[in-house]
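To start, the structure itself, in structure tokens.
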Amino acid sequence: MLTRRCGVLGKPIAHSLSPVMHRAAYARLGLDWRYDAYEVDEVGLPGFLAGLDASWRGLSLTMPLKRAVLPLLDTVSDTARVAGGANTVLLADGQLAGDNTDVPGIVAALAERGVSRVESATVVGAGATAASFVVALRRIGLTSVRLVVRDPTRAEDLADRAAAIGVEPRVVPLDTQGPIADADLVVSTVPAGAVTPLADRLVGSAGAVVDAIYDPWPTPLVTMAGDRDRIAVSGIDLLAHQAVLQVGLMTGRDVPVDAVRAPALAALGSGP
């Protein structure tokens, strides 16, 4: 029997917890599948995809490949198209199908913490993850978003995408002295070092705080949110919810979110 293979691609990739999560899911399901990490950048992605054989079932994509993969795919889901990035590639019958489990994963992670409606948000960053947040939050009521970025010109694409789905964007420089936290939800998608100087102002009066990063663990932003009794959603929560959706797409079978979250927390030294 052909052993099914899946994996996560990106650069850097050594820190990825996806192998821990997906392998735990396979063990839970009793599947003798492989899931490995591969360091691949935009230049190497076409060759990697071309070299996949019939044993491959799916790929998880992380930085910097979510956008770069789109022109290499045979089909792209509506969610991935609107978000402008695919974090999932499914392989079947020689075809590459792109999807985005970040978007529904974000909605699920927020719902788990009791956040079912967001009308205004502050999002730090303008990359593929930030775009997925804007699309996800639109599904639960987002009408306006403040995009906080180091270089405002890099937010133009995301601002256009937000406007196209009915969200009013406002781009704010990262070093602004103006208000940045008067929103239902604050989201950081940038490295902890970049956002830590703003942590106090970001947590501010926000009803809930999300940090898509999990290195260092726990991040200063999530720690501060917890200390101030704000709802806090961590990068591990987000990663776990999108991972179980990927497992479902790749294997056709479902696992509970804690089946992948608990092993990830254990790998970070924060769980059983």
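Can you tell me how many residues within segment 109-146 are out of contact with any strand residue (DSSP E or B) (no Cβ under 7 Å at 6 or more places or on another chain) and under 18 Å from ASP182 (Cβ atoms)?
Going through segment 109-146 one residue at a time, the tally reaches 3.
Please go through (1) touching a helix residue (DSSP H, G or I) at 6+ places or on another chain (Cβ under 7 Å); (2) hydrophobic (A, V, I, L, M, F, W, C); (3) outside any helix (DSSP H, G or I) for ALA136 and return the number of the only condition it doesn't satisfy.
Unmet condition: (3).
Out of segment 69-79, which residues are farther than 12 Å from LEU249 by Cβ and free of Cβ contacts under 8 Å to residues at least 24 places away in the same chain?
Within segment 69-79, PRO71, ASP74, THR75, VAL76, ASP78 qualify.
Using beta carbons and a limit of 7 Å, which pairs, at least six apart or on different chains, have the first residue in segment 145-159 and part of a loop (DSSP other than H, G, I, E, B) and the second one surrounded by 14 or more Cβ atoms within 10 Å (Cβ to Cβ)?
These pairs meet every condition: ARG150/LEU174.
Table: residues versus (1) in contact with a Ser or Thr (Cβ under 9 Å, 6 or more places away or on another chain); (2) over 22 Å from THR129 (Cα atoms); (3) among the acidic types (Asp, Glu); (4) not assigned by TED's automatic domain parsing to the domain that holds ASP93.
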| site | (1), (2), (3), (4) |
| --- | --- |
| LEU198 | yes, no, no, yes |
| GLY207 | no, no, no, yes |
| TYR214 | yes, no, no, yes |
| PRO218 | yes, no, no, yes |
| VAL244 | yes, no, no, no |
| LEU249 | yes, no, no, no |
| ARG253 | no, yes, no, no |
| ASP258 | no, yes, yes, no |
| ALA262 | no, yes, no, no |
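Residues being of a type outside the set (S, T, N, Q) and in a helix (DSSP H, G or I): count how many of those fall in segment 218-236.
9
The values are calculated or read from the model by the stated rules, or taken from the named source; none is laboratory data. The structure displayed is predicted, hence computed values, not measured ones. So basically every Cβ, Gly included, is an ideal-geometry build from the backbone, and we count neighbours across all protein chains shown.
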